[in-house]
Protein chains: 2
Amino acid sequence: MKATITDVAKKAGVSMKTVSRVLNNEPNVADKTRVHVKAIARELRYSPNLAARGLATSKSYLIALIYDNPSINYISHIQRGAIDACREAGYHLVVEPLYLEKAISREEKADAMLSVLEKLPVDGVILTPPLCDSQAVLQTLDDLRIDCVRVAPKKKGEQPFVGMDDETAAFQMTQHLLKQGHERIGFIKGHVNHAATDLRYAGYVSAISEAGLKVSSTFVVQGDFSFESGVIASRILLELPDGVRPTAIFASNDDMAAAVVSVAGQMGFDVPCDLSVCGFDDTPIARIVSPALTTVRQPIYKMGYQAAKQLTQSSNDQTQISQFLDFEIMIRASVSAIA
Amino acid sequence: MKATITDVAKKAGVSMKTVSRVLNNEPNVADKTRVHVKAIARELRYSPNLAARGLATSKSYLIALIYDNPSINYISHIQRGAIDACREAGYHLVVEPLYLEKAISREEKADAMLSVLEKLPVDGVILTPPLCDSQAVLQTLDDLRIDCVRVAPKKKGEQPFVGMDDETAAFQMTQHLLKQGHERIGFIKGHVNHAATDLRYAGYVSAISEAGLKVSSTFVVQGDFSFESGVIASRILLELPDGVRPTAIFASNDDMAAAVVSVAGQMGFDVPCDLSVCGFDDTPIARIVSPALTTVRQPIYKMGYQAAKQLTQSSNDQTQISQFLDFEIMIRASVSAIA
DNA sequence: CCCATGAATGACAGCGCTGTCAATTGGATT
DNA sequence: AATCCAATTGACAGCGCTGTCATTCATGGG
C-alpha cells in the first residue's frame with residue numbers, strides 16, 4: 001500500500017541506510033546519490049512512518065500545547081502559531097487542556113499533566129499562563145526531562161520563555177492616557193494567579209509616579225480578566241462622586257474594558273467624552289465594542305510560533321534563548337483628551 | 001527509565017503476551033492473572049509506548065481535527081469536545097488547520113489535506129464546515145481509507161455526520177418572530193459555501209410560508225457570516241423606507257446579528273423597540289452585545305465530543321450512525337413584540 | 001607502486017509491542 | 001484411567017526505521 005523505505009532503497013539501488021541518511025539530511029552521502037534517492041522518494045510519494053521512526057529514535061515528533069487558560073481567543077492564536085512552526089519542522093501539535101474540576105490546585109494540575117504526558121510521549125511542551133507560573137508543573141516537566149518553553153512575560157527558573165514586555169506596554173499605555181490630560185486614571189487588575197497581572201499593574205504605577213502623581217488605592221480595583229469582574233469593578237469606579245471619579249479607566253484586558261464601556265453606557269456616561277477607556281490584548285471584542293477600544297496588541301500568534309520553533313530546533317541548536325516580542329499600542333476611539 | 005512491558009511481565013512472572021492481553025482487555029485470561037498483572041502494571045506506573053504499539057498494530061491512536069473554518073469560537077468548542085472524547089478512549093487529538101493562501105480551491109484543499117495525512121497517520125478525521133461539504137476532500141479520505149465523521153448539518157455521501165437540525169431551528173426562530181407579531185422579517189444569509197446557509201434559509205422560508213405570508217426577495221440579503229458582511233446587509237435592509245422596512249431581522253449567525261444591532265444604533269433605531277434582531281449560534285458576542293441577542297444555541301461542544309467518540313469506537317462498534325443533537329432557542333432582549 | 005586516510009556505503013541488530021500459532025493446563029467425558 | 005476439548009499461556013517473528021560498526025572505495029603521500 002504505502003511505500004516503505006525498503007521500496008525506495010530497492011528502486012534506487014542503494015541500501016536502506018543510505019536512503020535514511022538522505023531523508024534525514026545526514027552528511028557523508030555523495031551528492032549524486034542524494035539527488036537520485038530524493039527523486040525516487042518523491043516519485044514513490046514516500047514519507048516515513050512516524051511510529052517506526054519514533055520507536056527507533058525514541059522521539060515522537062509531537063509537541064504538546066498544555067493549558068488551563070480559559071481565554072479561547074488567546075489559546076487559539078497561540079495554537080495557530082505553534083501549529084505553523086510545527087509544520088515547518090515536520091512536527092505535529094497535540095492539544096491538551098487541563099480543565100478538570102474548577103479550583104483545582106497547582107499540585108493537582110501537575111499531576112494531571114503528568115498522567116497525560118506519561119501516556120503520550122512528546123518531544124516538547126508549550127506552557128501558557130497561568131500554568132507556566134506553577135513551580136510544581138515546571139518541576140514535573142523537569143523530572144520527566146521534557147523540554148518546555150513558557151509563553152510568559154518573564155523568566156522563572158531555567159525554562160526559556162517567549163513573551164512580551166507587559167510592564168513596558170502598560171507603562172506606555174498609561175503615558176498615553178496622561179498625555180491626553182487624564183490625571184484620575186482608574187485601573188482594573190487582572191487575575192491574581194497570572195504573572196502578567198502584576199507586571200501590567202507595575203507599568204501603570206511607574207507611569208503614574210513618573211508623572212509626579214500619586215497612585216490612589218481608590219482607583220485600583222481587583223478584577224480577574226472576566227467580563228463579569230469588569231462589570232463589578234467598573235461599577236465601583238464609576239459610582240465614585242463627581243470630581244473624584246476617574247476620567248479614564250485602564251482595564252488589564254479587553255473583556256474587562258468592554259465591561260467598562262457597557263456599564264458606563266448604562267450609567268449614562270458617554271465614552272469617550274465623559275470617560276476614556278482602554279484595554280489590553282486587542283482581542284476581536286476590541287473592535288466590536290462601540291466605541292472601539294484603544295488597547296495593546298499582543299503578538300500572540302508569534303509567541304506560539306516562536307515557542308514551537310524553539311522546541312523543534314532545540315536538539316540541533318542550543319540557542320534556547322528567552323525573548324521578548326514586539327507589542328503595539330492600538331489607538332482607537334475609546335480614549336479622548338480631557339477638555 | 002520508563003517501565004516496559006517486559007518489566008511488567010518479568011515482575012508478574014508471566015509472558016509479555018499475557019501482559020499485553022490484560023492491557024488490551026483481550027479475552028482468555030484467567031481473572032486471577034488479570035488482576036495480578038493489572039496490579040503490577042499500576043505499581044510500576046507502566047503505560048504502553050504508543051510508537052511501538054502503533055508500529056505493531058499500524059494504528060496511531062491519533063485523531064485529526066481538520067478545518068478551514070475561520071470561526072475561532074466554533075473550532076475551539078468542537079476541539080474541546082473532541083479532546084474530551086479522545087481522552088476517554090486513550091486517544092489524542094492533533095489539530096490541522098488548512099489555511100494556506102486565501103481563496104484556495106477545494107481540490108487544492110484536498111491536496112493540502114492529503115499531504116498532511118500522508119505524513120501523519122491518524123485513525124480518524126473530524127471534518128467541520130465548510131470543508132466537510134467538499135466532495136474532493138471526502139473522496140481523498142476515502143482513497144486513504146481513513147474513517148471520518150462530518151460535523152455537519154446533513155448527510156453527504158456515505159460519511160456519517162454529527163450535527164443539529166439547522167432547518168428546524170431556523171423555522172422555530174422565525175416562528176418566534178411571527179408570534180411576536182412581526183410580519184416584515186428580514187433575513188441575512190450566510191456564506192454560500194456552507195451547507196448550513198441553505199438549511200437556515202429554508203427554515204425561514206417554511207415558517208414565513210406556513211404563516212400565509214410571502215417571502216419577499218427585498219427582505220433577503222446575502223451575507224457571508226462575517227461582521228462586515230452583516231454591516232453591509234443590514235444597511236440595505238434598514239435603508240428601506242418606512243412602512244416597508246422590516247420590523248425584525250433574522251441574521252444567519254451572531255456576528256452578523258451583532259452588526260445589525262450596531263448599524264441600527266448608528267442609524268437611530270432602537271433595538272428592540274424599533275427593530276427586533278436575532279442571531280444564530282449563541283457565541284459569546286450574543287451576550288456582550290447590548291441588548292443581548294435572542295439566538296439559537298448550537299451544541300457545538302457536544303458535536304465535537306460525539307464526532308470523536310464515534311471515531312474512537314468505530315473499530316469495535318459498527319454503529320456509526322449519523323445523529324442530530326438538540327439545539328435550544330435562547331430568548332433574550334433583542335426581540336420584542338410588535339406594539 | 002603501496003599504504004594510510006577519510007569519504008561513502010551497507011549489514012544487521014534492535015527499539016517495544018502485538019499477531020500467529022503452538023504448547024500446556026485442568027477438568028469433563030467415556 | 002485414558003481421552004478429549006476448551007481455556008489459558010507462551011515463543012517468536014516482525015512492524016519500519018535508525019544506530020553502530022564494518023566494509024568498500026578513491027585519493028594523495030611516501
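Numbers for the structure displayed
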| read-out | value |
| --- | --- |
| Filtered residues of the range B:223-269 (kept if buried (at least 24 other Cβ atoms within 10 Å of the Cβ) and touching an Asp or Glu at 6+ places or on another chain (Cβ under 7 Å)) | B:Phe225, B:Gly230, B:Asn253, B:Asp254 |
| Those residues of the range A:18-67 which are assigned to a helix (DSSP H, G or I), without any contact (Cβ under 8 Å) to a residue 12 or more places away in the chain and either near DNA strand D (Cβ under 7 Å from one of its atoms) or polar (S, T, N, Q) (or both), in sequence order | A:Ala52, A:Arg53, A:Leu55, A:Ala56, A:Thr57 |
| Index of the failed condition, A:Ile126 passing every other in (1) at pLDDT below 95; (2) within 14 Å of chain B (Cβ to nearest Cβ); (3) buried (at least 21 other Cβ atoms within 10 Å of the Cβ) | (1) |
| Criterion (more than 9 Å from every other protein chain (Cβ to nearest Cβ), loosely packed, with under 15 Cβ neighbours inside 10 Å, of a type outside the set (S, T, N, Q) and within 30 Å of B:Tyr99 (Cα to Cα)) met by exactly one of B:Pro70, B:Pro27 | B:Pro70 |
| Members of the range A:163-216 that are of a type in the set (Val, Ile, Thr) and over 16 Å from A:Ile338 (Cβ atoms) | A:Thr168, A:Ile188, A:Val192, A:Thr197, A:Val205, A:Val215 |
| B:Asp242, sole failed condition from (1) part of a helix (DSSP H, G or I); (2) under 19 Å from B:Arg184 (Cβ atoms); (3) without any contact (Cβ under 8 Å) to a residue 40 or more places away in the chain | (1) |
| The one condition in (1) surrounded by 22 or more Cβ atoms within 10 Å (Cβ to Cβ); (2) more than 8 Å from chain B (Cβ to nearest Cβ); (3) more than 12 Å from DNA strand C (Cβ to nearest atom) that A:His92 fails to fulfil | (2) |
| Hey, B:Lys179 without any contact (Cβ under 8 Å) to a residue 24 or more places away in the chain and under 30 Å from B:Leu238 (Cβ atoms) or not | yes |
| Contacts under 9 angstrom Cβ, first residue in the range A:313-339 being of a type in the set (Ser, Thr, Tyr), partner in a helix (DSSP H, G or I) and at pLDDT below 90, 6 or more apart | A:Thr319/A:Gln313 |
| Listing of strands (runs of 3 or more DSSP E) fully contained in the range A:91-206 that carry 3 or more residues being in contact with a helix residue (DSSP H, G or I) (Cβ under 7 Å, 6 or more places away or on another chain) | A:92-97, A:124-127, A:147-151, A:185-189 |
| Among the residues listed as B:Leu293, B:Leu275, B:Leu325, the single one being of a type in the set (A, V, I, L, M), in contact with a strand residue (DSSP E or B) (Cβ under 9 Å, 6 or more places away or on another chain), surrounded by 22 or more Cβ atoms within 10 Å (Cβ to Cβ) and away from chain A (no Cβ under 14 Å) | B:Leu275 |
| In the range A:1-52, the residues that are more than 10 Å from DNA strand C (Cβ to nearest atom), closer than 19 Å to A:Ala89 by Cα and of a type in the set (A, V, I, L, M) | A:Leu23, A:Ala41, A:Leu50 |
| Failed item in (1) in contact with a strand residue (DSSP E or B) (Cβ under 8 Å, 6 or more places away or on another chain); (2) in contact (Cβ under 8 Å) with a residue 40 or more places away in the chain, with B:Glu96 passing the rest | (2) |
| Of the criteria (1) more than 13 Å from chain B (Cβ to nearest Cβ); (2) without any contact (Cβ under 8 Å) to a residue 24 or more places away in the chain, which one A:Ala12 fails | (2) |
| Boolean, A:Arg87 is of a type in the set (D, E, K, R), closer than 17 Å to A:Tyr301 by Cα, facing chain B (nearest Cβ under 9 Å) and touching a residue at least 60 places away in the same chain (Cβ under 8 Å) | no |
| Selection status of B:Ser209, among the polar types (S, T, N, Q) and touching a helix residue (DSSP H, G or I) at 6+ places or on another chain (Cβ under 7 Å) | no |
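A quick yes/no check of all residues on (1) in contact (Cβ under 8 Å) with a residue 24 or more places away in the chain; (2) within 29 Å of A:Val260 (Cα to Cα); (3) small (Gly, Ala, Ser); (4) assigned to a helix (DSSP H, G or I):
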| position | (1), (2), (3), (4) |
| --- | --- |
| B:Gly212 | no, no, yes, no |
| B:Phe250 | yes, yes, no, no |
| B:Ala258 | yes, yes, yes, yes |
| B:Val261 | yes, yes, no, yes |
| B:Gly265 | no, yes, yes, yes |
| B:Ala292 | yes, yes, yes, no |
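The values are calculated or read from the model by the stated rules, or taken from the named source; none is laboratory data. Nothing here was measured: the structure is a model prediction, and the numbers come from that model. Ideal geometry is used to build each Cβ from the backbone, glycine not excepted, and the neighbour counts take in all protein chains shown.
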